[in-house]
Every structure is written in structure tokens, then in C-alpha cells.
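A.B. asks: Would you mind keeping the following structure in view while I ask a few things?
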Amino acid sequence: MLVIGLTGGIGSGKSTVSDLFAEKGVPVIDTDLIARQLTAPGGEALAAIRNAFTDVVLHADGTLDRAQLRGMVFNDASARGQLEAILHPRIRLEVERLLARVQSPYVVIVIPLLVENGGYGDLLSRVLVVDCPETLQMERVMARSRLTREEVAAVMAAQTSRALRLSAADDVLVNTGTQDVLQAEAERLHQRYLKLGMALMP
Ligand code: ADP
């Protein structure tokens with residue numbers, strides 16, 4: 001099966017693009033969603049996180065205060081390493097479990113920090129980068145969230161550079177136009193991936 005790793009910087013349009021593939025009936029595995037499920041009440045990683053981060057706060061409904069946890073690891077490489085050591089292997093296992101159940105010419109795995117963290121190279125047939133200039137990323141993130149310009153800039157600074165991300169790409173979806181343009185581009189890629197995926201089928 002053809003396995004596409006979909007990545008891109010914050011606000012580049014990853015979710016928008018993965019929704020477009022999903023609407024076409026393509027199976028989409030979302031590592032962010034898996035991370036949220038693993039850290040939900042009763043989730044497999046929540047106990048491990050509470051053991052490692054004893055100051056971590058739960059909301060009244062038992063859900064993790066993800067913003068607080070993000071704040072705890074943002075400027076602390078060792079804490080971040082600890083959190084990643086809890087999450088990454090579990091996310092990877094769940095991705096493998098879901099992949100094994102999928103029957104389709106191709107499948108999309110959304111991995112926001114693919115270039116930063118690596119670890120999926122062996123599973124992926126191709127890397128698809130959703131790309132737009134940083135100024136546009138900034139505008140889109142600020143329009144959709146309450147983050148300030150400085151906060152968005154800090155997230156972007158912690159992510160890999162646009163150039164490095166693009167250098168890892170087999171395919172690039174340029175998301176500088178309207179949503180209609182993006183949709184047409186996604187359809188073009190979809191046809192290509194279907195063809196490549198069908199050729200791999202027994
Ligand atoms: P990501 O998942 O990479 O963070 P999103 O897909 O959530 O990015 O896109 C960021 C924001 O920009 C969302 O509010 C989305 O609706 C909007 N957006 C994405 N692509 C376009 C586009 N081509 N035109 C206008 N708005 C867009």
C-alpha cells in the first residue's frame with residue numbers, strides 16, 4: 001500500500017488538506033488525534049505522564065490541561081524529551097495498528113512534526129508537504145486562534161525551517177491560493193496517488 005506522510009508548519013493547511021483527502025474516502029491516520037486519545041481520561045499515556053510530571057494539572061472533568069503541559073516542556077529540552085519518550089512509541093504503535101487494518105490503494109498519515117522528530121521514514125512511501133509563506137501561516141493561525149503574534153512566532157521558531165521541510169518533500173501542495181485552488185490541487189494529487197497505489201496492489 002502507498003503510505004503518504006502529510007506534514008507542514010503550523011497553519012500551513014494540514015488539517016484542511018487531510019479533510020479533503022478524507023472526503024474522497026481516503027483513510028487518514030492523524031497522529032495529533034492519536035496523541036489526544038492517548039492522553040484522554042483512561043488513555044494509555046495519561047498515567048505515565050502523571051507519574052513523570054507530578055505538577056501536571058487535570059481539569060475538573062479529568063482531562064489533561066494540555067496548555068499547561070505544553071508550557072512545562074516548551075522551554076525545557078529534558079522535560080520535552082521525557083514527554084516524547086512517553087508519547088512517541090505509543091503513537092507509533094497505534095499508527096501501525098491502524099495501518100494494518102486499512103485496505104485502500106493509499107493512506108495518509110498526518111504527522112505535524114515529521115521532519116523535526118523523524119521516526120516514520122520506514123513506514124512512508126512519500127512525504128507530502130503543505131507549504132505557504134510564513135506570513136500567511138501567521139495570518140491564518142491568528143485568525144483561527146486567540147494566540148498573539150509573539151506566541152505564533154515562538155511556535156514557528158520551534159519548528160523546522162520552511163526550507164528544511166521542503167527539502168524532505170517528495171510532493172508539495174502549495175497553499176497560497178483560495179480553498180478552491182487547494183481543492184483542485186488535492187484532487188490532482190489524489191488521482192496520482194490512486195494510480196501509484198493501484199500499481200502496488202496484488
Ligand atoms: P494546520 O493544520 O496546518 O495547522 P489548518 O488546515 O488548520 O492548518 O489551516 C489553518 C487555518 O487557515 C484554518 O483556519 C484554515 O481554515 C485556514 N486555511 C487553510 N487553507 C486556507 C486557504 N487556502 N484559504 C483560506 N484559509 C485557509
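A.B. asks: Have a look at Arg92, Arg80 and point out the one that is closer than 21 Å to Arg165 by Cβ, touching a helix residue (DSSP H, G or I) at 6+ places or on another chain (Cβ under 7 Å), among the charged types (D, E, K, R) and not in a strand (DSSP E or B).
C.D. replies: Sole residue among the options that is closer than 21 Å to Arg165 by Cβ, touching a helix residue (DSSP H, G or I) at 6+ places or on another chain (Cβ under 7 Å), among the charged types (D, E, K, R) and not in a strand (DSSP E or B): Arg80.
A.B. asks: On the basis of being farther than 20 Å from Ala35 by Cβ, over 17 Å from the mean Cα position of the chain (by Cα) and more than 16 Å from the ligand (Cβ to nearest atom), does Ala163 make the cut? Break it down into steps so the answer makes sense when it comes.
C.D. replies: Working: farther than 20 Å from Ala35 by Cβ: yes; over 17 Å from the mean Cα position of the chain (by Cα): yes; more than 16 Å from the ligand (Cβ to nearest atom): yes.
Yes: the conditions hold for Ala163.
A.B. asks: Evaluate region 100-109: report whether one residue or more is assigned to a helix (DSSP H, G or I) and either closer than 22 Å to Ile86 by Cα or modelled with pLDDT of 95 or more (or both).
C.D. replies: Checked region 100-109: at least one residue is assigned to a helix (DSSP H, G or I) and either closer than 22 Å to Ile86 by Cα or modelled with pLDDT of 95 or more (or both).
A.B. asks: Ok, one more. For residues that are farther than 21 Å from Gly81 by Cα and touching a strand residue (DSSP E or B) at 6+ places or on another chain (Cβ under 7 Å), tally how many sit in region 8-49. Let's see the steps before the verdict.
C.D. replies: So in region 8-49, the residues farther than 21 Å from Gly81 by Cα come out as 8, 11-30, 41-42.
Remaining after also requiring touching a strand residue (DSSP E or B) at 6+ places or on another chain (Cβ under 7 Å): 8, 12-14, 17-18, 21-22, 26-30.
Total meeting the criteria: 13.
A.B. asks: Okay, next question. Evaluate region 128-144: report whether one residue or more is more than 19 Å from Gly8 (Cα to Cα), of a type in the set (Gly, Ala, Ser) and loosely packed, with under 13 Cβ neighbours inside 10 Å.
C.D. replies: Scanning region 128-144, I find no residue that is more than 19 Å from Gly8 (Cα to Cα), of a type in the set (Gly, Ala, Ser) and loosely packed, with under 13 Cβ neighbours inside 10 Å, so the answer is no.
A.B. asks: So which residues in region 6-58 are in a strand (DSSP E or B) and within 14 Å of the ligand (Cβ to nearest atom)?
C.D. replies: Of region 6-58, the ones in a strand (DSSP E or B) are 6-7, 28-30, 58.
Hits for region 6-58 are Leu6, Thr7, Val28, Asp30.
A.B. asks: Would you call Tyr106 closer than 22 Å to Arg36 by Cβ and surrounded by 13 or more Cβ atoms within 10 Å (Cβ to Cβ)?
C.D. replies: For Tyr106, the condition - closer than 22 Å to Arg36 by Cβ and surrounded by 13 or more Cβ atoms within 10 Å (Cβ to Cβ) - is not met.
A.B. asks: In addition: Do we have Leu87 as within 15 Å of the chain's Cα centre (by Cα), more than 16 Å from the ligand (Cβ to nearest atom) and farther than 30 Å from Glu187 by Cα here?
C.D. replies: yes
A.B. asks: Can you tell me how many residues within region 44-80 are exposed (fewer than 11 other Cβ atoms within 10 Å of the Cβ) and under 28 Å from Leu123 (Cα atoms)? Give the steps one after another, and end with the answer.
C.D. replies: So in region 44-80, the residues exposed (fewer than 11 other Cβ atoms within 10 Å of the Cβ) come out as 51, 54-55, 60-62, 67, 75, 77-78.
Going one step further and asking which of them are under 28 Å from Leu123 (Cα atoms), we end up with 77-78.
Of the residues in that region, 2 qualify.
A.B. asks: Further, regarding this structure: Considering only residues that are in a loop (DSSP other than H, G, I, E, B) and surrounded by fewer than 16 Cβ atoms within 10 Å (Cβ to Cβ), look in region 169-190 and name the one that is farthest from the ligand (Cβ to nearest atom).
C.D. replies: Only one residue tops the list, namely Asp170.
Listed here are the residues, each with its yes/no results for (1) among the hydroxyl-bearing types (Ser, Thr, Tyr); (2) touching a strand residue (DSSP E or B) at 6+ places or on another chain (Cβ under 9 Å); (3) more than 14 Å from Leu38 (Cα to Cα).
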site	(1), (2), (3)
Arg70	no, no, yes
Phe74	no, no, yes
Ala79	no, no, yes
Gln82	no, no, yes
Glu94	no, yes, no
Ala100	no, no, yes
Val110	no, yes, yes
Leu113	no, yes, yes
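A.B. asks: Now for a separate question. Counting only residues that are more than 15 Å from the ligand (Cβ to nearest atom) and either farther than 16 Å from Val17 by Cα or not in a strand (DSSP E or B) (or both), how many does region 120-152 have?
C.D. replies: 9
A.B. asks: All but one of (1) surrounded by 11 or more Cβ atoms within 10 Å (Cβ to Cβ); (2) within 11 Å of the ligand (Cβ to nearest atom) hold for Tyr193; which doesn't?
C.D. replies: (2)
The values are calculated or read from the model by the stated rules, or taken from the named source; none is laboratory data. Quick caveat: nothing in here was measured; it's all calculated off a predicted structure. Cβ atoms come from the backbone with ideal geometry, glycine included; neighbour counts cover every protein chain shown.
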